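Structure, as structure tokens:
The values are calculated or read from the model by the stated rules, or taken from the named source; none is laboratory data. These numbers come from a predicted model, not from an experiment. Heads up, the Cβs are rebuilt from the backbone with ideal geometry, glycines too, and the neighbour counts pull from every protein chain shown.
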């Protein structure tokens, strides 16, 4: 046991260690078919014959906090762990090509099977990128794969990269900055202090294709590729996404997510795909963002016993209900038989004249208007981010901006639980064919503090969607799912705007290519709320 493993064990309330005598083999050489060699470390409890094997593949290194979290902590509890650095990172050969992990992953599995300590099967675990690499091999790894524990991740990352059709600028540049500096700086420090002044200033710069060089002193090939291959159906993303293989997975799967995580909608899509094909995955969703320390600690406390249950053949007895969620607002955990919860009903809250919000259909009224200026883009305030302040926060300052409209209900007479999908159904008009619309649901307490619950953005392009004869656009898009209780006396509030920068790259309005756009055009926006254009937010209500 090391001081770090002891501290992490206590903070995470992990199951008792079975041993503190851990073997650590460093820099094992794993050959790839193209001649490159990837490096791996192996952690194993000494004196244990054929302990169950965990494969962890990572771009973030094999030592320090990651080596402790994924190596030593599991080895102390009876597992042997092979932790590999993916191509182009921490001494592994080749060039980093993000998300292209299928072939290297399967070559690693083939190498494992040749080792004298291979027990005949293996499991996988890990979060974020460490989750994607699990999906990359899941279908083709064969019957030796016994189970997968995936945290805050999804089977493909393209959807997150271009959320709603807009470019996830904060996430992509922050991750580029992280991986290009991580081998020369303390990773923990970079995670705790990600929103450097340097990046915040760079987010204002155009064109976007300059940003990686301004941040790092040189271009990152993959950052440039993401800017160049943003159109739907671009072949660049073939082989970098594995969502089409999820339906073929039959091993036990444990999914852990956060309400404010950047991958939540697509992780829940993976869950639904598994359910629709007869599988019964475990799902846990807590009040976490992507880099919440609480998520890392909680995930180990849940994943280790689950993996032990898989090894013992007792996964059916792990817990009574397969789904466990944290209900924000009420601050309680709740067990469900499925997601979305059976019995939830869709309820429309319509935008009203006078900036009201109510289940009633709106009366005849004129639309509301605002002007979006990409030279002064509407800022992002919390919400799902890769790093930085993603937890809910007071939105009152944001709501005073002239480019943000708000629609607010009367105080709730009793608690209202919203658990499940949330959808925006808007009728809008814009003088620009290229523009964005951002919708956010907030909880407003008796003091007027407006806390964000969930949100999303949709990018509009010429012909998508088609304009109605009266010139309006009918936009229907999903917000982040949620499980939130609006307490009696609280009000629901819907924000409508046209940006959340730099979480999403601003829409210049010009239709220029993503990486080279510099011409900024003001957009005049109209939001309709009348019987012919009943704009609404559709909530999944359980109480």
Any hit, the range 426-437, residues being within 22 Å of residue 370 (Cα to Cα), touching a residue at least 12 places away in the same chain (Cβ under 8 Å), in contact with a strand residue (DSSP E or B) (Cβ under 6 Å, 6 or more places away or on another chain) and exposed (fewer than 15 other Cβ atoms within 10 Å of the Cβ): yes
Within the range 75-90, count every residue that is buried (at least 24 other Cβ atoms within 10 Å of the Cβ) and in a loop (DSSP other than H, G, I, E, B). 3
Do the conditions hold for residue 259, that is, is it touching a helix residue (DSSP H, G or I) at 6+ places or on another chain (Cβ under 6 Å) and in contact (Cβ under 8 Å) with a residue 60 or more places away in the chain? no
Before we move on, is residue 70 surrounded by 22 or more Cβ atoms within 10 Å (Cβ to Cβ), modelled with pLDDT under 95 and either in contact with a strand residue (DSSP E or B) (Cβ under 7 Å, 6 or more places away or on another chain) or part of a strand (DSSP E or B) (or both)? yes
Of the residues 371, 355, only one is over 20 Å from residue 443 (Cα atoms), exposed (fewer than 15 other Cβ atoms within 10 Å of the Cβ), touching a strand residue (DSSP E or B) at 6+ places or on another chain (Cβ under 8 Å) and assigned by TED's automatic domain parsing to the domain that holds residue 448; which? 371
Look through 267, 182, 244, 224 and report the one residue that is at pLDDT below 95 and either in contact with a strand residue (DSSP E or B) (Cβ under 9 Å, 6 or more places away or on another chain) or assigned to a helix (DSSP H, G or I) (or both). 182
Looking at the structure I just gave you, is residue 108 modelled with pLDDT of 95 or more and under 25 Å from the mean Cα position of the chain (by Cα)? no
Expected single match for surrounded by fewer than 23 Cβ atoms within 10 Å (Cβ to Cβ) and modelled with pLDDT of 95 or more among 93, 131, 126 is 93
Test residue 150 against the stated conditions and say whether it is part of a strand (DSSP E or B) and within 23 Å of the chain's Cα centre (by Cα). yes
Kindly indicate whether residue 376 is in a loop (DSSP other than H, G, I, E, B), within 23 Å of residue 489 (Cα to Cα) and either free of Cβ contacts under 8 Å to residues at least 12 places away in the same chain or out of contact with any strand residue (DSSP E or B) (no Cβ under 9 Å at 6 or more places or on another chain) (or both). no
With respect to residue 510, is the statement that it is more than 26 Å from the chain's Cα centre (by Cα), outside any loop (DSSP other than H, G, I, E, B) and either in contact (Cβ under 8 Å) with a residue 40 or more places away in the chain or in the same structural domain as residue 351 (by TED's automatic domain parsing) (or both) true? no
How many residues does the range 426-485 hold that are modelled with pLDDT under 95 and not in a strand (DSSP E or B)? 8
Picking from 400, 408, which residue would you name as being crowded, with 16+ Cβ neighbours inside 10 Å and either under 21 Å from residue 160 (Cα atoms) or at pLDDT 95 or above (or both)? 408
Step by step: first the residues of the range 276-288, then only those that are in a loop (DSSP other than H, G, I, E, B) and touching a strand residue (DSSP E or B) at 6+ places or on another chain (Cβ under 8 Å), then the one that is nearest to residue 250 (Cα to Cα). Which residue is that? 279
Picking from 77, 62, 72, which residue would you name as being over 22 Å from the mean Cα position of the chain (by Cα), under 18 Å from residue 129 (Cα atoms), touching a residue at least 24 places away in the same chain (Cβ under 8 Å) and not assigned by TED's automatic domain parsing to the domain that holds residue 177? 62
Confirm whether residue 291 is assigned to a loop (DSSP other than H, G, I, E, B) and touching a helix residue (DSSP H, G or I) at 6+ places or on another chain (Cβ under 9 Å). yes
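Tell me, please, whether a residue that is out of contact with any strand residue (DSSP E or B) (no Cβ under 7 Å at 6 or more places or on another chain), modelled with pLDDT under 95 and over 17 Å from residue 371 (Cα atoms) can be found in the range 505-520.
Looking for residues that are out of contact with any strand residue (DSSP E or B) (no Cβ under 7 Å at 6 or more places or on another chain), modelled with pLDDT under 95 and over 17 Å from residue 371 (Cα atoms), one finds none in the range 505-520, hence no.
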